[in-house]
Amino acid sequence: MIDLKRQTNLRHAIEQFYFAYRAFTDRADKVLEQKGLGRVHHRILYFVAHNPDVTVNKLLAILGVSKQALNAPLRQLIEMKLIAVKIAERDKRVKQLSLTTTGQKLENQLTSLQMQHLDTAFTVAGSKAETGWIKVMAALTENQTE
């Protein structure tokens, strides 16, 4: 059992995590909203940008979502000509995804806003805090199924 003082500290950490995530996503959300898009679209754009010629199955694994959850937002991004689809040379059944020039510009705009936000926070908190934050985020990711 976690003692009362530790519980209080952990509850504060949970609250800070929620508030930080809201602040972290706010500016990008506003840009997305102007285009009729949401956070799921941003995640798709981000991981397609940083995984060249990613397959649909690989993207599903990265995002940890079902085909059904990915289908509508991915289709919307393709229809908006933000993502291009090509058939893999090695296997004609496999679709590979990449960003179009317009998709690259949007993804860069969104990611730049978030990078600026993190850069400011890390500058204020210091390099030791940045290193600690990265370790905490990795530990949270590694322990997600427990």
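Extension gain for ARG27 to TRP133 (0.36 nm times residue separation, less C-alpha to C-alpha distance): 36.0 nm. Dipole check for region 6-69: with +1 at the C-beta of Lys and Arg, -1 at the C-beta of Asp and Glu, and the Cα centre as origin, the magnitude is about 120 Debye. Database remark: amide H of VAL94 closer than 5 angstrom to the amide H of ALA88 (H placed geometrically; neighbours at sequence offset of 5 or more, or on other chains; Pro and chain starts carry no H).
Distance between the modelled labels on PHE47 and ASP3, one decimal in nanometres: 4.1 nm (7 Å Cα→Cβ projection). Rolling a 1.4 Å probe over the protein heavy atoms of region 1-52, with every protein chain left in place, gives an accessible area that is 58 percent carbon and sulfur.
Listed cross-link partners LYS35/LYS81; LYS30/LYS105; LYS81/LYS105; LYS58/LYS86; LYS58/LYS92; LYS30/LYS58 are compared with a 20 Å cut-off, the Cα-Cα value being larger for LYS30/LYS58. Fully extending the segment from ARG39 to LEU140 would add 34.3 nm, taking 0.36 nm per residue of separation and subtracting the current Cα-Cα distance.
The values are calculated or read from the model by the stated rules, or taken from the named source; none is laboratory data. Quick caveat: nothing in here was measured; it's all calculated off a predicted structure. With ideal geometry, Cβ positions are generated from the backbone for all residues, glycine too; neighbour counts draw on all protein chains shown. Just so you know, the surface numbers come from the protein's heavy atoms only, side chains and all, with ligands and any DNA or RNA stripped out. Shrake-Rupley method; radii C 1.70, N 1.55, O 1.52, S 1.80 Å.
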